[in-house]
Amino acid sequence: MSGQWHLDIAGAVARLSLDRPGARNAINLAMWAELPSLLQEIAAHRACRLLVLRGEGNAFSSGGDIEEFHHAAAQPALAGEIHARMQAGLAALAAFSLPSIAALEGPVIGAGLALALACDLRIAAPDARLAFTPAKLGLSCAFPDLVRLEALIGPAKAKFMLFTARAICAQTALAWGLIDEVAAPSLDAALGALEADLLARSPATQQGLKGLFTLHASGQREESAASQKLFTDAFQSQDFLEGYRAFKAKRDPRF
């Protein structure tokens, strides 16, 4: 790793942290370039079932690296590379085979919010502040980021966030559907409870569902051979066999 990400894989959980606390975890080109290979490394661990993404220090991420943006103003090719690397990293995260959680605290701004939106679930500390701020910088928003934002909160609120660049608090983000939970009594405690819930459920089901969501995100709107196969193959899985036995025995399944 470059030292700007920190990866710890312990048992069933991979914890990937943005590790530039001195820059409030601003995301630079090198970090975007490294993200797909880090996800491949996590996927190679057969025991791993869950990805948790968070920021070191008291911030998730203050956004993209503003100094690189400044250099891109004079180098159009650099602007294209930033876009390509960023979207490749976000696409790899959105399509990642395991469930992913973004654990948010402090600023969750711009590219940092885009990173959180590419995760499956988002849990936020009460002090989290979420914003898309290209309108403060005279920049634009990448189309996939806009699509993910609009899918969660609808076009009206997406326009409000993008046009005004206002930061919203965790409770507002929860009411709008931008996050799934405001952590209480602490981010670590709420995150631990969510991890336990996910790890108690069928990994085969979760990975099959990730496949369905990926098909939908790619544009599929009707049943296909691929989506039907995900449904029918589940009946032959060891997870279904265990789930059936647990149901009949009136016990919790052991996946």
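Would you kindly identify the strands (runs of 3 or more DSSP E) lying entirely within segment 48-132 that contain at least 2 residues that are of a type in the set (A, V, I, L, M, F, W, C) and in contact (Cβ under 8 Å) with a residue 40 or more places away in the chain?
Here the list reads 50-55, 100-104, 107-109, 121-124.
Going through segment 105-133 one residue at a time, which ones are open to solvent by 20 Å² or more (accessible area, probe 1.4 Å) and out of contact with any Pro (no Cβ under 8 Å at 6 or more places or on another chain)? Explain how you work it out, then say what you get.
Initial filter on segment 105-133 (open to solvent by 20 Å² or more (accessible area, probe 1.4 Å)): 105, 107, 109, 120-121, 126-127, 129, 133.
Those that are open to solvent by 20 Å² or more (accessible area, probe 1.4 Å) and out of contact with any Pro (no Cβ under 8 Å at 6 or more places or on another chain): Glu105, Pro107, Ile109, Pro126, Asp127, Thr133.
Each row is one residue, and each column tells you yes or no for (1) within 19 Å of the chain's Cα centre (by Cα); (2) over 22 Å from Glu105 (Cβ atoms); (3) open to solvent by less than 50 Å² (accessible area, probe 1.4 Å).
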site	(1), (2), (3)
Gly138	no, yes, no
Cys141	yes, yes, yes
Arg148	yes, no, no
Leu152	yes, no, no
Phe160	no, yes, no
Ala173	yes, no, yes
Trp176	yes, no, no
> Within segment 231-248, which residues are assigned to a helix (DSSP H, G or I) and either open to solvent by less than 60 Å² (accessible area, probe 1.4 Å) or among the basic types (Lys, Arg) (or both)?
Replying inline: Thr232, Ala234, Asp239, Glu242, Gly243, Arg245, Ala246, Lys248
> Taking segment 214-230, which residues are touching a residue at least 12 places away in the same chain (Cβ under 8 Å) and open to solvent by 60 Å² or more (accessible area, probe 1.4 Å)?
Replying inline: Ala217, Leu230
>> outside any helix (DSSP H, G or I) and within 24 Å of Leu113 (Cβ to Cβ): which single residue out of Leu178, Leu149, Leu162 fits that description?
In response: Leu178
> Leu187 passes all but one of (1) modelled with pLDDT of 95 or more; (2) farther than 30 Å from Gly80 by Cα; (3) surrounded by fewer than 19 Cβ atoms within 10 Å (Cβ to Cβ); which number fails?
Replying inline: (3)
>> So in segment 28-59, with the set limited to residues that are touching a Gly at 6+ places or on another chain (Cβ under 6 Å) and over 30 Å from Ala204 (Cα atoms), which one is modelled with the lowest pLDDT?
In response: Asn58
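Given the criteria more than 23 Å from Leu90 (Cβ to Cβ) and without any contact (Cβ under 8 Å) to a residue 24 or more places away in the chain, does Gly192 qualify?
Numbers: more than 23 Å from Leu90 (Cβ to Cβ): yes; without any contact (Cβ under 8 Å) to a residue 24 or more places away in the chain: yes.
Considered against the rule, which asks whether it is more than 23 Å from Leu90 (Cβ to Cβ) and without any contact (Cβ under 8 Å) to a residue 24 or more places away in the chain, Gly192 comes out as yes.
The values are calculated or read from the model by the stated rules, or taken from the named source; none is laboratory data. All values derive from a computational prediction rather than experimental measurement. Please note: Cβ atoms are built from the backbone with ideal geometry, for glycine as well, and neighbour counts cover all protein chains shown. Note: areas computed on protein heavy atoms with side chains; ligands, DNA, RNA excluded. Shrake-Rupley method; radii C 1.70, N 1.55, O 1.52, S 1.80 Å.
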